[in-house]
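The values are calculated or read from the model by the stated rules, or taken from the named source; none is laboratory data. Keep in mind that this is a model prediction, so the values were computed, not measured. Please note: Cβ atoms are built from the backbone with ideal geometry, for glycine as well, and neighbour counts cover all protein chains shown. Note: accessible area is taken over every heavy atom of the protein model, side chains too, but ligands, DNA and RNA are not part of it. Shrake-Rupley method; radii C 1.70, N 1.55, O 1.52, S 1.80 Å.
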Amino acid sequence: FVVGVPSMAVVLVFVLAGGPVLRIVFGPEYAAGATVFALLCIGQAASMLTGSSLFALLMTGHGVAAMWIAGSMGLLATAACVFAVRLWGAVGVAAAVSTVIVVQQLVTLLAARRLVGVWTHVSASAAIGELRRMLAKRR
């Protein structure tokens with residue numbers, strides 16, 4: 001939660017004001033990439049919100065499951081990009097990649113829950129409960 005909220009604020013700025021951000025940071029010719037930038041940011045937001053599911057799998061001996069998830073999602077991303085580029089160009093590829101990232105993160109999150117027994121996603125209620133416990137200890 002502590003990392004998720006500020007990260008999501010940055011993603012929100014990138015999605016809503018990607019053109020001006022790209023223009024300021026890289027120059028006016030990059031502002032045209034705002035839609036691609038926003039789509040890719042949305043995909044990465046899924047990574048932030050689902051947490052370290054991949055590492056939970058890898059560090060608990062479930063590397064083969066992680067490999068199958070990553071490999072199948074890589075194939076899915078390749079197929080989606082080949083299809084999308086012909087119809088929608090760079091925006092289609094960004095949307096395809098972002099969609100596959102979201103799916104991969106959700107599948108990995110559920111695999112970590114099933115195989116390891118943990119949730120790794122951002123949880124406001126858990127963060128608030130921990131904050132309450134910390135404040136109660138100080139009193």
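Brief remarks on what is shown
- Given charges at Cβ of Lys, Arg, Asp, Glu: the chain dipole, positive-most of His121, Met8, Leu40: His121
- Where the chain is the region considered: accessible area per residue in Å², 1.4 Å probe: 65
- Per-atom-type breakdown for segment 37-139 gives carbon and sulfur 70% of the accessible area (1.4 Å probe, protein chains only).
- Measuring only protein heavy atoms, the 1.4 Å probe finds Leu106 accessible over about 90 Å².
- Across Met59, Met67, Met48, mean-square fluctuation computed from a Gaussian network of the chain (C-alpha pairs under 10 Å connected) peaks at Met59.
- Here the chain has an Rg and Dmax of 18.2, 63 Å, counting Cα atoms alone.
- Using a simple spin-label model with pseudo-atoms 7 Å out from Cα toward Cβ, Ala90 and Ala126 lie 3.8 nm apart.
- Under a Gaussian network description of the chain, with springs only between Cα atoms under 10 Å, the residue in Thr60, Thr99, Thr108 that fluctuates furthest is Thr60.
- A Gaussian network model of the chain, with springs between Cα atoms under 10 Å, assigns the largest mean-square fluctuation among Ser125, Ser98, Ser47 to Ser125.
- Computed label-point distance, nm, for sites Ala32 and Leu106 using a 7 Å Cα→Cβ extension: 3.4
- Under the convention that each Lys and Arg Cβ holds +1 and each Asp and Glu Cβ holds -1, the size of the dipole of the chain around its Cα centre is about 660 debye.
- The fraction of Cα-Cα pairs per 5 angstrom bin, counted from 0 for segment 2-57, comes to 4, 20, 24, 19, 14, 9, 6, 3, 0 percent, rounded to whole percents.
- Computed extension gain for Arg138 through Leu75, at 0.36 nm per residue and net of the alpha carbon distance, reaches 17.5 nm.
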